[in-house]
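Down below is the structure, laid out as structure tokens.
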Amino acid sequence: MSVGRRGRQRAVIAALLHANHVVPVAGLIDMVWGASAPRSALTATQRADAARLSWTEMTAMATQP
């Protein structure tokens, strides 16, 4: 089954949300792509993490009084 770009991004973000656990980049790439990781896997993982950080910041700002 092929997972599209959005599906991969969601998988990376889900893996990054494991609180109090260090998740190495190589582990994230393996979880999402396995042995068929493209050359762009590192960049895609970094972008997904940046999106997660932006979402976290926006959520924190929205909940502040």
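Observations on the model:
- Number of positions in segment 38-65 that are aliphatic (A, V, I, L, M), open to solvent by 80 Å² or more (accessible area, probe 1.4 Å) and at pLDDT 80 or above: 1
- Residues of segment 34-57 satisfying the condition of being closer than 14 Å to ILE13 by Cα and not hydroxyl-bearing (Ser, Thr, Tyr): ALA41, LEU42, ALA44, GLN46, ARG47, ALA48, ASP49, ALA50, ALA51, ARG52, LEU53, TRP55
- Conditions (1) exposed (fewer than 10 other Cβ atoms within 10 Å of the Cβ); (2) at pLDDT below 75; (3) outside any loop (DSSP other than H, G, I, E, B): number failed by ALA35: (2)
- Residue, modelled with the lowest pLDDT, within segment 4-25, restricted to residues that are open to solvent by less than 100 Å² (accessible area, probe 1.4 Å) and not in a helix (DSSP H, G or I): ALA19
The values are calculated or read from the model by the stated rules, or taken from the named source; none is laboratory data. Nothing here was measured: the structure is a model prediction, and the numbers come from that model. We place every Cβ from the backbone using ideal geometry, glycine too, and count neighbours over all the protein chains shown. For accessibility, only protein heavy atoms count, side chains too; no ligands or nucleic acids. Shrake-Rupley method; radii C 1.70, N 1.55, O 1.52, S 1.80 Å.
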